[in-house]
Structure formats: C-alpha cells, structure tokens
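The values are calculated or read from the model by the stated rules, or taken from the named source; none is laboratory data. Quick caveat: nothing in here was measured; it's all calculated off a predicted structure. Cβ placement follows ideal geometry from the backbone for every residue including glycine, while neighbour counts extend to all protein chains displayed. We work out accessible area using only protein heavy atoms, side chains counted, and drop any ligands, DNA or RNA first. Shrake-Rupley method; radii C 1.70, N 1.55, O 1.52, S 1.80 Å.
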Amino acid sequence: MATDFAPVTPDVLRWAREAVGVTLSDAAKRTGVSAQRIQAWESGEEEPTLAKLRALAKLYQRPLSVFFLPKPPTMFDAMRDFRRLPGHADHSWSRSLHKVYRRALEQQAIAAELMEEEGETPEFVVPKGTVEMLPEDAALLARQALGVTLASQFAWKKPEDAFAGWMEAVEATGVYVLRTSDVPMEEMRGFSISTGPIPVIVVNALDWPRGQVFTLLHEFAHLMLREGGLCDLLEPESGQGRQVEIWCNAVAAATLMPALAFLDNDVLRSPDTRIWEDEVLAQLSARWGVSQEAVIRRLVTLHRATSAFYIQKRAEYQAVYAERREEEKIKRRQSRSSGGPPPYRMAVRDRGKPYVRLVLDAYQRDQITSSSVSNLLSLKLKHLAALEQEVGLLR
C-alpha cells in the first residue's frame, strides 16, 4: 500500500516546533524517527508521512491545516523575547511557559470575539505611566484606578483574601487575571500582555498568596507602561530591562503600602532605622497583606531601613522559601493523589471569573454550543451547574 506523504511548508514546520519550545530530540522521540529526519522535513529535503505529521500537530498544539500554509502565520502568537534568569543566554522558554502564554493569547482573542458578537467593545481603565514618573505618583494613579481603600485592605485578614481582593480590583479595570501552576517559579512568577483588545496578567499559583499579590501589582505596573513583561525571581543585572523592573517593583510596593499611611505608625516613627525585629516585620506583613521581604524593601525606599539589612534578611527569606517550596511540592503530590480541588474551581482559578462568566453567558443565550463551552473551559459538561454557582451565575 502506498505511503501518504504530506507536502508541508518547511518553514511552517520549523516555526511550529520553535514556537512551543520543543527541541529536535523531543520531536524525534514523539514521532519515533531521528532528529536528522526532523531536520530534513524542516529543510524541505524530505516530507513527513501524514501519520507523523498528525503526531507533530498534537505535540505542537496546532491544527493540521496550519502546516500547509505558504508561510508561518503571525496573527496568533508573535512571541516577545521577555527576560529570563541570568545565565540563560539563549532566552529560550520552556514548553510549559509557551503553552501558558498561548493559552492567555487564545483566551484574550476568544473573549474579544464573544464580546464583538454581542456588540460590545472591550474596555479597560488602566492608567498610563512612564518610567520617568516617580513611582509614588504612579502608585497613586494605580490605587485610584483600583479603588481599594485602606479599610478594605486591612479587613483582608488572610493572605488568600488579600489576593482575592486585589485580583477583583484589577479585574474591575477590565484586565483579565489568569493563574497557572504549570510553570516552575524559577522561570516565571507572572507575566502580562498589553497588546490586543484585553490586557492580561498571568500569575504563578505556585507562589505564596502574598507573593502573588506583589506579582499582580508588579504586572499591573507593566500594563501602565503599555508593555508586557515577565517576572521571575531576580531582576535583570543591567540595561533598560533592569530600569523597568525596578520601577515596576517600586510602583507595586507603593501601591500596596502608600507612604503616608505606611509611615503613620508609632513603630515606624522609631529613630532606629537599622534593625527591625522579626515580630514587628511580621505584624506589618500581616497588616498590609504583603511579604516581610516586601515590607523591608519598602522601609529601605522610605529611608527607614538600610540596604545591608535588606540583603541580610532577603538571604534568610530565600532559604526559607526554598524549604517551603519543597514542602509544598510534597503536599501538591499528595493532593493530586487524593483528587485535588474540584475541576470547576480549577477552571475559575486558571481562567478568571470575568472570562468564565462571559463564556457561560454566551452559552445561556445560545450563542455557543455545549461542546464549545466544554472546549473553551476545558471542563466536562457535568460540572457546569457547579461552575455557574461558583461564579455567581445561576439559571
């Protein structure tokens, strides 16, 4: 029987692999051929069989028809070269980060399309800033746009409540907030997408809730600059990227801990600006809903602590964070073995309430089919009733 070969476009085949961070060796393993054979397909020297192409399409997460386009498409993911940790000179992304980034882009496009079909136009009210602006001034604009009062902030007693409160405030500005636990913390704490009809922020759910709060506001500052960013565990060592990251960190800290209110405290009026007791730092951390590390950084900025003290404490915190992450990994493995959170709750966590509500509303108006709902939310239909209750939409 004759073998069916697929006359693919070589450049498209190579683009599809590189766009999701798949190496030649990984592609070779998935198709059961050599890396040299994959290279031959990508150079046009040979053509893959239809069966092998289907395997690659599944690996690259692309419809089969894409590979027959005359050139690589640019409409659905022109990847930006966000920064990585020092030492990663190739600036390559892991496959998991590519996947999460593409999910964010696709969700952004789907939401805009659903709104357009209803005659709505996506709107967002993120204030505009520049790196030349004083972080304190930019933070004032951010806080006004978010509408979070000090009374509301102090009422969030649990770290999870603080993140939920800030997330709701960010979402109220028209920004979509997504979360993921598929990317290691060392690679990404969060990222933002400023291009397109709807600004998007993605936060790494593997981080502690207080860390997620800071990342959320850090990425909101990126959106104020009308540019996306990727936040990992370290700032760039030099260049424009370092200036932007320092500015975004400062704006996030000033938004979370406004100077006048933060300094209006008997403890902070103390003349000793060199040493801060752990108990006091813990109290400030709990009151403002941020990490102790963020508290110290804010104290340094406001000339109430020294850089040397911050460096010393940060090293201590990093050691504790590393130990706790290992403990959390064990807990997550145990949680998965026992079933973990219900799927409908994970759908809301990963995609955000505004998007879930938009999809469910379109379904209730017969704008999309039940199978479309299942695909758009990656959720079985049997969970829809619980999902509607979770986001406050009941038939």
> Scanning region 92-113 for residues that are among the polar types (S, T, N, Q) and modelled with pLDDT of 85 or more, which turns out farthest from Arg143 (Cα to Cα)?
Replying inline: Ser96
> Do you know which of the residues in region 117-143 that are charged (D, E, K, R) and exposed (fewer than 14 other Cβ atoms within 10 Å of the Cβ) is nearest to Gln243 (Cα to Cα)?
Replying inline: Glu132
> Mind checking which pairs have a first residue in region 139-153 that is touching a residue at least 60 places away in the same chain (Cβ under 8 Å) and assigned to a helix (DSSP H, G or I) and a second that is open to solvent by 50 Å² or more (accessible area, probe 1.4 Å) and not basic (Lys, Arg), Cβ under 8 Å, 6 or more apart or different chains?
Replying inline: Leu146/Ala172
> Taking Ser181, is it touching a Leu at 6+ places or on another chain (Cβ under 7 Å), open to solvent by less than 20 Å² (accessible area, probe 1.4 Å) and of a type in the set (S, T, N, Q)?
Replying inline: no
> Inside region 1-54, can you point out the residues that are surrounded by fewer than 16 Cβ atoms within 10 Å (Cβ to Cβ), small (Gly, Ala, Ser) and assigned to a helix (DSSP H, G or I)?
Replying inline: Ser25, Ala35, Ser43, Ala51
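To keep it simple, each residue is scored yes or no on (1) open to solvent by less than 80 Å² (accessible area, probe 1.4 Å); (2) touching a helix residue (DSSP H, G or I) at 6+ places or on another chain (Cβ under 8 Å); (3) modelled with pLDDT of 95 or more.
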| site | (1), (2), (3) |
| --- | --- |
| Gly87 | no, no, no |
| Asp90 | no, no, no |
| Met115 | yes, yes, no |
| Gly147 | yes, yes, yes |
>> Being touching a Leu at 6+ places or on another chain (Cβ under 7 Å), at pLDDT 90 or above and in a loop (DSSP other than H, G, I, E, B) is the filter here; which residues of region 190-222 pass it?
In response: Pro199
> Somewhere in region 250-264, is a residue modelled with pLDDT under 90, of a type outside the set (Asp, Glu) and either in a helix (DSSP H, G or I) or open to solvent by 60 Å² or more (accessible area, probe 1.4 Å) (or both)?
Replying inline: yes
> Where residues in region 356-385 are basic (Lys, Arg) and in a helix (DSSP H, G or I), which of them is least open to solvent (accessible area, probe 1.4 Å)?
Replying inline: Arg357
> So Phe154 fits all but one of (1) within 20 Å of Ala347 (Cβ to Cβ); (2) open to solvent by 30 Å² or more (accessible area, probe 1.4 Å); (3) of a type in the set (Phe, Trp, Tyr); what number is the exception?
Replying inline: (1)
>> List pairs: first residue in region 29-53 and within 17 Å of Trp15 (Cβ to Cβ), second residue among the hydrophobic types (A, V, I, L, M, F, W, C) and open to solvent by 50 Å² or more (accessible area, probe 1.4 Å) anywhere in the structure, Cβ distance under 8 angstrom, at least six positions apart or on different chains.
In response: Glu47/Phe5; Pro48/Phe5; Leu53/Leu64
>> So for region 349-358 (the condition being under 26 Å from Lys99 (Cβ atoms), at pLDDT 90 or above and of a type in the set (A, V, I, L, M, F, W, C)), does at least one residue qualify?
In response: yes
>> Among the residues of region 303-321, are any surrounded by 19 or more Cβ atoms within 10 Å (Cβ to Cβ) and acidic (Asp, Glu)?
In response: no
> So is Leu217 over 24 Å from Ala347 (Cα atoms), open to solvent by less than 10 Å² (accessible area, probe 1.4 Å) and among the hydrophobic types (A, V, I, L, M, F, W, C) or not?
Replying inline: no
> Does any residue in region 339-362 that is farther than 16 Å from Ile198 by Cβ come within less than 6 Å, Cβ to Cβ, of a residue that is open to solvent by less than 60 Å² (accessible area, probe 1.4 Å) and aliphatic (A, V, I, L, M) six or more places away or on a different chain, and which pairs are these?
Replying inline: Pro343/Leu379; Tyr344/Ala386; Tyr344/Leu387; Ala347/Leu377; Ala347/Leu379; Val348/Val356; Leu360/Leu393
